[in-house]
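Below you'll find the structure, written out as structure tokens, and then a few comments.
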Amino acid sequence: MASPRFPSLLVCLSSLTVLLISPSYSLTCTSQTFTNRHVYTNCTDLPSLNAYLHWSHNSTTSSLSIAFVAAPAKPDGWIAWAVNPTGTGMVGAQSLVAMKRSDGSIAVDTFNISSYSSIVKSNLSFAVSASSAEYSGGVMRIFATIALPEKATTVNQVWQVGPSVTGGMPDKHDFLPANLIAKGTLDLATGSGADTSVPALAPGPGSGSGGEKSAGGKGGASRIGKSNIGFYVFLFLACFVCCF
């Protein structure tokens, strides 16, 4: 006769399997396409907020072309992708923010996050070109090319989503765990796209599909964020401790 604990073990392990293959951790970015038919060399499933980054690095011109994909926290909200030239958190982040205009169109504005409480619409500390945004199917997409320091090998990135916009300014985002770990290092040499080993402690700027696919699929796509691996090992072991 089967042990009465065996069904419990199956339920526990099934739940673990669902977590591991959920959209947040499964390969998604390589299936995304864009109406502008732009092809990117790399793409990354970012480890929080169901966000994705497609990117191509041109070392000759020291530039980075990106497509950032995420759903706003609410339909009238915003999404943001930022580079921090001086640190790894929000303070100092130079942000590209996509949001609806009063006429319903979607546009990209640039914001300098100079402090925890100061979000200033301004030019960034680096050149930005070819910026645009799309919104369809509940998902926003930011497109842009940014200038990088010569011979740059890594980029400190921060991303975020928010619920609303007031007077052309992004309102505060949530402070859930997924929001607080939305940062990482983009390694231009290896293609690694995220590192959530240290939570972001500061609030951010409040932080798809149709066309050619990204060519890459490198850069951390379909990988589990570093900070989550220990949790899943613990959950797996707990199943056996509780059921045997």
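The values are calculated or read from the model by the stated rules, or taken from the named source; none is laboratory data. Given the structure is predicted, the values throughout are model-derived calculations rather than measurements. So basically every Cβ, Gly included, is an ideal-geometry build from the backbone, and we count neighbours across all protein chains shown. Ligands, DNA and RNA are stripped out before the accessible areas are found, and what is left, the full protein with its side chains, is counted by its heavy atoms. Shrake-Rupley method; radii C 1.70, N 1.55, O 1.52, S 1.80 Å.
Here are a few things to note about the model shown:
- Scanning residues 5 or more positions from VAL165 or on other chains, those with amide H under 5 Å from its amide H are ASP171, with H placed 1.01 Å from N in the peptide plane.
- Space enclosed by the convex hull of the alpha-carbon atoms of region 64-140, per residue, Å³: 110 Å³
- Ranked by the mean number of other Cβ atoms within 10 Å per residue, highest first, peptides 38-50, 125-137, 178-190 order as 38-50, 178-190, 125-137.
- Total lysine pairs whose alpha carbons fall under 25 Å of each other in region 42-187 (8 or more apart, or interchain): 11
- This model, with +1 at the C-beta of Lys and Arg and -1 at the C-beta of Asp and Glu, gives region 42-187 a dipole about its Cα centre of some 120 debye.
- Whether region 42-187 is rounded, prolate or oblate, judged on the alpha carbon gyration tensor where a/c under 1.5 counts as rounded: rounded
- Legend: calculated FRET efficiency, SER62 to SER122, from the Cβ-Cβ distance at R0 = 30 Å, rounded to 0.05, equals 0.85.
- Taking region 42-187 and dividing mean pair separation by its residue count, relative contact order in percent (alpha carbons under 8 Å, at least six apart): 27 percent
- Rounded percent of accessible protein surface that carbon and sulfur make up, region 42-187, 1.4 Å probe: 53 percent
- Accessible area per residue for region 42-187 is 41 Å², calculated with a 1.4 Å probe on protein heavy atoms, without ligands, DNA or RNA.
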